[in-house]
Amino acid sequence: MQILGVRLLGVNAETGWKLIISFIFILCVWLFSRGLRALTSHLWRDRSGKRIEFWTRQGIQLATALVEVIGILSIWFDNPSRLATFLGLFTAGLAFALQKVITAVAAYFVLLRGNTFNVGDRISMGGVRGDVISLGFIQTTIMEMGEPPPVQSDEPAIWVQARQYTGRVVTVTNDKIFEEPVYNYSREFPYIWEEMRIGVPYGADRARAERVLLDAARRHTTQVSELSEAALKEMERRYFMRRSEIAPQVFWRLTDNWLEMALRFVTKEFGTRQVKDRMSRDILSAFDEAGIEIASGTYEIVGIPPIRVELRTPARDSDR
């Protein structure tokens, strides 16, 4: 093929025909894939089928990519010897230039097994905490959440002081699963042990204060405790682990200023802030009825040393 008398290298009637066929083939596969995805969204419109829809879409994407690769190679490399030479050079260059990308794609196939995390799981990965909302060939998309005050110093800086959404959507490359630990809050055991620490003066009714804390925990976590018992037994069946107490407990710790009571209880990972809010309101009301104060780091001045004030009259000009 020539343009203005210049012969284009490697462009002839055969390659031009292959380009047209390749374009038509890719367009047909893309349209077919788009139709399948639309059908999938129609079949699982309710929230309960979102996870099935997600993994169906992942399967459609993998099948589409595989069909496109096989089709393009079949169009352009009908000679097996030419194909082997091309693949050898291509994979060698690709492995050298795109190491991170290849690792991310390999991590994607590891994630497809679902043993690390799944869409909808609450995880901490690559320094980002939140819920997995999408999983791609190279990146995982996470709806970021905040963290309680004890871990607010961790990077990156987050202004929401609870495990609730910040509104930021963060993408993390999949290769992080090979480099850093992935913390999954909901995959195997969808409950967490939470703690509330409350300081009580030494002169207060400590036994009643403990009963108030336990009553509040039982009132708002009894059903959760029953559910977590079954999940805990399943964990013991699958893994070698020691049994941990799931009933609410209060632990005492002596300090220089007050008695610290740590209320430990089990709750669902989702909605923890609401549970602690309801418990805090009940605890404050019960403390007010019992006349129990919450200790704080305030100071009372009980004595002031004598102060002597001397007033001096300035000298007159006539006295100088």
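Some points to look at:
- The residues of the stretch 257-269 that are among the aromatic types (Phe, Trp, Tyr) and without any contact (Cβ under 8 Å) to a residue 60 or more places away in the chain amount to a single one, Trp258.
- Here Thr171 meets each of (1) assigned to a strand (DSSP E or B); (2) at pLDDT below 90 with one exception, condition (2).
- Filtered by the rule that a residue be part of a helix (DSSP H, G or I) and among the aromatic types (Phe, Trp, Tyr), the stretch 264-290 gives a lone residue, Phe287.
- So Gln223, is it closer than 30 Å to Asn184 by Cβ and either at pLDDT below 80 or among the charged types (D, E, K, R) (or both): yes
- Complete set of residues in the stretch 118-148 that are under 10 Å from the mean Cα position of the chain (by Cα) and part of a loop (DSSP other than H, G, I, E, B): Gly120, Asp121, Gly126, Gly127, Gly146
- Of all residues in the stretch 234-256, those that are surrounded by 10 or more Cβ atoms within 10 Å (Cβ to Cβ) have Cβ atoms under 7 Å from Cβ atoms of residues that are among the aromatic types (Phe, Trp, Tyr), 6 or more apart or on another chain, in Met235/Phe189; Pro248/Phe265.
- Only one of the numbered conditions (1) in contact with an Asp or Glu (Cβ under 8 Å, 6 or more places away or on another chain); (2) in the same structural domain as Arg273 (by TED's automatic domain parsing) is not met by Glu236, and that is (1).
- Neighbours by Cβ (under 8 Å, 6+ apart or cross-chain): first from the stretch 110-121, hydroxyl-bearing (Ser, Thr, Tyr); second surrounded by fewer than 17 Cβ atoms within 10 Å (Cβ to Cβ) and outside any loop (DSSP other than H, G, I, E, B): Thr116/Val110
- Some residue of the stretch 160-182 being touching a helix residue (DSSP H, G or I) at 6+ places or on another chain (Cβ under 6 Å), within 24 Å of Ile52 (Cβ to Cβ) and either crowded, with 19+ Cβ neighbours inside 10 Å or without any contact (Cβ under 8 Å) to a residue 24 or more places away in the chain (or both): yes
- Qualifying residue in the stretch 4-15 (condition: under 23 Å from Thr140 (Cβ atoms) and either surrounded by 12 or more Cβ atoms within 10 Å (Cβ to Cβ) or modelled with pLDDT under 70 (or both)): no
The values are calculated or read from the model by the stated rules, or taken from the named source; none is laboratory data. As the structure is a prediction and not an experimental result, all values here were calculated from the model. In this analysis, Cβ positions are derived from the backbone assuming ideal geometry, glycine residues included, and neighbour counts consider all displayed protein chains.
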